[in-house]
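Inspection log for the structure reproduced underneath, given as C-alpha cells.
Just so you know, all these numbers are worked out from the coordinates, no wet-lab data involved. Values in this document were obtained by computation on a predicted structure and should not be read as measured data. Here the Cβ positions follow ideal geometry from the backbone for every residue, glycine too, while neighbour counts run over all protein chains shown.
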Amino acid sequence: MNYEKIAKCPVCGKTEFRNKLVVEDRTVSHESFAVVACAACGFQFTNPRPGPDDIGRYYESAAYVSHNSGAAGLVNQVYRLARVFTMRSKVRLLNRYAPQRGRVLDYGCGTGHFLAAARGAGWQVAGLEPNDAARADAAQRVGQPIGGPGSLADLEAGSFDAITLWHVLEHVHALNETLAQLVRLLRPGGVLLIAVPNAASFDAQHYGARWAAYDVPRHLYHFVPATMARLLKKHQLALRATLPMPLDAYYVSLLSEPAEGGAGRLLRALRLGYASNRAAARHEGQYSSLLYVAGRA
C-alpha cells in the first residue's frame with residue numbers, strides 16, 4: 001500500500017500541522033488514519049492517505065450505498081427512504097439558485113438519482129462518476145452515457161449553468177485542480193452547489209473520533225464554514241448562501257452509533273440528530289452538513 005503524505009495545506013499552502021484525531025475506518029478496512037489541522041488556517045484533512053491508485057479498495061463494500069442502489073441493512077433502508085425527500089429538495093435548490101433551467105453537471109453522480117430527478121424537472125443533465133458499477137447504474141437510470149472524472153478536462157468551458165457536488169468534494173484527491181476545472185465550466189452567472197459534512201457541528205463534537213462523517217480514508221478533507229469560505233475565495237468564487245441539510249444529522253448519527261445497538265441505536269440517533277439541529281439553529285448554523293452556493297466573484 002502506498003500512502004500520500006501531504007506536505008502543504010491545500011487551502012493556504014503552509015506546512016505546519018497539528019494532530020487532531022485518530023479515526024478508524026469502520027466501513028471496510030478497520031485501519032486507523034490521522035486527521036490533522038493546519039496550524040495557520042485550521043483546515044482539517046486526512047494525512048497520510050491512500051493515493052488515487054490505492055483508494056479504490058476502501059470503497060469495496062456492498063454496504064456503501066452511494067455506489068450500490070440495492071445495499072441492504074437498516075442504515076441503507078433509512079438512506080433510501082430519506083432519498084425520496086432529499087432529491088426533491090435538491091432539485092428545488094437547484095431551480096432556486098441557478099440562473100436558468102439549462103445544463104447541470106453532477107460531479108460524482110453516484111448511481112444517478114439526482115440526475116434523473118433534475119432531468120424530470122426539465123434540466124439538461126451530464127454526470128461524471130469514478131466508480132465503474134455506479135457509473136453503469138447511473139447511465140441506465142438516466143438513459144445516457146456517464147463519463148469518468150478524467151473526462152472533466154474535455155468538457156467545453158462555460159457550458160454549464162450549474163454544477164453540483166453532493167458530498168463529493170471531500171473525496172477528491174486533486175482538490176484545487178478539480179475546483180479550477182469546475183470553475184472553468186461555469187457560464188457567467190452560473191453556480192456551484194457544494195454539500196459537505198461540517199466538522200464543527202454538534203454531532204461531530206459529540207461523537208468525536210466515532211463521528212461517521214469523518215469516514216476515513218474515503219473522506220480526505222473535513223470542512224468547516226471558515227475553511228470552505230477560504231477555499232472558495234482562493235478560486236475567485238463568491239459565497240452566495242450557506243444552507244442547512246438537517247436530515248443529515250439523523251443519518252450521520254445513526255451511522256455513528258454502534259451497529260449492535262438494535263432498536264436503541266435508532267432511538268439514540270433520532271435524539272442526537274434532533275439535538276444537533278436544535279443546537280445549530282441556536283448557534284451560528286453549524287448543522288451536521290452544509291450546502292455552499294457559490295459563483296464567480
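Specify the inter-centroid distance of the stretch 258-283 and the stretch 182-243, based on alpha-carbon positions, in whole Å.
Taking the Cα centre of each part, the stretch 258-283 and the stretch 182-243 sit 22 Å apart.
Counting helices only, and only those DSSP H runs with n ≥ 4, report the 222 nm mean residue ellipticity of the chain as the sum of -39,500 (n - 2.57) divided by its residues, in deg cm²/dmol to the nearest 500. Each step should come with its number before you reach the end.
On the way: 8 runs with 101 residues, N = 297.
Value at 222 nm, helices only, nearest 500: -10500 deg cm²/dmol.
Spit out the partnerless Cys residues in the chain, using Cβ distances under 4.7 Å as the pairing rule.
Among the cysteines of the chain, those whose Cβ sits 4.7 Å or more from every other are 109.
Work out which helices of the chain, taken as complete DSSP H runs, extend at least 20 Å along their axis over the Cα atoms and score a mean Kyte-Doolittle of -0.5 or more, then list them. Spell out each step's value before the answer.
Values: long enough: 74-97 (34 Å, -0.10); 262-282 (31 Å, -0.16).
Membrane-span-like by this rule: 74-97, 262-282.
Once the piece of chain linking residue 281 and residue 124 is laid out straight, how much longer is it, given 0.36 nm per residue of separation minus the C-alpha distance between them?
53.0 nm
Top mean-square fluctuation among 208, 13, 112, Gaussian network model of the chain, C-alpha springs under 10 Å?
13
Out of the stretch 190-297, which chymotrypsin sites (Phe, Trp or Tyr not before Pro) are coil in DSSP terms and have no more than 14 other C-beta atoms within 10 Å?
On the way: sites: 202, 207, 211, 214, 221, 223, 250, 251, 274, 287, 292; in loops: 211, 223, 287.
Hits after loop and neighbour filter: nothing returned.
Tell me which chymotrypsin sites (Phe, Trp or Tyr not before Pro) from the stretch 1-63 have a DSSP coil assignment and no more than 10 other beta carbons within 10 Å of their own. Don't skip to the answer; put the middle values down first.
On the way: sites: 3, 17, 33, 43, 45, 58, 59; in loops: 43.
Of the chymotrypsin sites (Phe, Trp or Tyr not before Pro), not one in the loops of the stretch 1-63 has a Cβ with at most 10 other Cβ atoms within 10 Å.
Which percent, nearest 5, of DSSP beta bridges in the chain are antiparallel?
Working: 27 of 42 bridges.
Looking only at bridges with both residues in the chain, the antiparallel portion is about 65 percent.
Find how much the distance from residue 274 to residue 174 grows on full extension, using 0.36 nm per residue of separation minus their present alpha carbon separation; answer in nm with one decimal. Numbers along the way, then the final one.
Working: separation 100, 0.36 × 100 = 36.00 nm, distance 3.50 nm.
That pair, residue 274 and residue 174, stretches by 32.5 nm at full extension.
Quick one: which residues, 5+ away or cross-chain, put their amide H under 5 Å from the amide H of residue 198? H built at 1.01 Å from N.
289, 290
What's the long-distance tail for the stretch 164-297, i.e. % of Cα pairs beyond 20 Å? Kindly include the intermediate steps, with their values, before the conclusion.
Values: 4075 of 8911 pairs.
For the stretch 164-297, the fraction of Cα-Cα distances above 20 Å is 46 percent.
Work out how far the C-alpha atoms of the chain reach from end to end along every principal axis, then list the three figures in whole Å, largest first.
Principal extents (largest minus smallest coordinate, Cα): 45, 44, 44 Å.
Find how much the distance from residue 226 to residue 238 grows on full extension, using 0.36 nm per residue of separation minus their present alpha carbon separation; answer in nm with one decimal. Please list the in-between numbers first.
Values: separation 12, 0.36 × 12 = 4.32 nm, distance 1.33 nm.
So the chain would gain 3.0 nm between residue 226 and residue 238.
Counting only GluC sites (Glu not before Pro) that are in a DSSP loop and have at most 15 other C-beta atoms within 10 Å, tell me the longest site-free stretch of the chain. Mind dumping the intermediate values first?
Numbers: sites that count: 16, 31, 60, 156, 284.
Here the longest run is 157-283.
Once R0 is set to 22 Å, what does the formula 1/(1 + (r/R0)^6) return for the Cβ-Cβ distance between residue 157 and residue 96, expressed as a FRET efficiency to the nearest 0.05? It would help to have the intermediate numbers written out before the result.
Details: r = 25 Å, r/R0 = 1.14.
Working from the Cβ atoms, E equals 0.30.
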